[in-house]
Amino acid sequence: MGRSVESFTLPDLMKPIGPYSHYTKAGDFISISAIAGVDPETGALAGDDVESQTAQILEAINTILEDAGSDFEHVLHINIFLTDMALFDRMNAVYADILGEHHPARSVFEAAALPKDGALLTMNATAVEKP
């Protein structure tokens, strides 16, 4: 028998801007959709700089991980899409500070444009539940 896939959209995060969920689960596998650095209380970007947007994205990913029964220690892979690779070092400093000693697999791409106006980056992730 096949594994069922469940979809979840959290009310305390930015509403998805397309026909997708914040995350899906199949067994203990978690797939998190790309997230922009939007403050869910205001609906506006957390700031116009890569540092505040990076911190907001990772806060949202942490919220999703907690809802899914996981945490950053159980993240397998993160994709990062930057609108300008010149922002890499600044994004990376915030990322390293928040993730600490856990270093999941990661890919970073430069994207010509992102769906959310003013967004400098988005991230998506895969993880597993905590045992």
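Readers should treat all values here as calculations from the given coordinates under stated rules, not as data from a laboratory. On a predicted model such as this, the values are computed, not experimentally measured, just so you know. A quick note on method: Cβ atoms are made from the backbone with ideal geometry, for glycine too, and the neighbour counts reach across all protein chains shown.
Relative contact order for the chain: 31 percent, from Cα pairs under 8 Å spaced at least 6 residues apart, divided by residue count. The modelled label-to-label distance for the pair E110/E129, using points 7 Å beyond Cα in the direction of Cβ, is 4.2 nm. Phi angles across region 33-41 convert, under the Karplus curve 6.51 cos²θ - 1.76 cosθ + 1.60 with θ = phi - 60°, into 3J(HN,Hα) values of 5, 4, 10, 9, x, 9, 6, x, 6 Hz, Gly and Pro given as x. Within the shell defined by Cβ-Cβ distances under 11 Å, the residues around T54 carry a net charge of -3, with Lys and Arg each +1 and Asp and Glu each -1. Loop-resident GluC sites (Glu not before Pro) (DSSP state other than H, G, I, E or B) in region 46-131 with no more than 16 further Cβ atoms inside 10 Å of their Cβ: E101, E129. Counting 0.36 nm for each residue step from D84 to S52 and taking away their Cα separation leaves a gain of 10.0 nm.
Taking only DSSP H segments of four or more residues, each worth -39500 (n - 2.57), what value at 222 nm results for the chain once the sum is divided by all its residues, to the nearest 500 deg cm²/dmol? Mind dumping the intermediate values first?
Values: 2 runs with 30 residues, N = 131.
Using -39500 (n - 2.57) per qualifying helix, the result is -7500 deg cm²/dmol.
Describe numerically, in nm with one decimal, the distance between label points set 7 Å from Cα along Cα→Cβ at N62 and at F29. According to this spin-label approximation, the distance is 2.8 nm. On a per residue basis, the convex hull of the C-alpha atoms belonging to the chain measures out at 110 Å³.
For D97 and Y20 in the same chain, what is the full-extension length gain: residue separation times 0.36 nm, less their Cα-Cα distance, in nm? Mind dumping the intermediate values first?
Numbers: separation 77, 0.36 × 77 = 27.72 nm, distance 2.95 nm.
Roughly 24.8 nm would be gained on extension.
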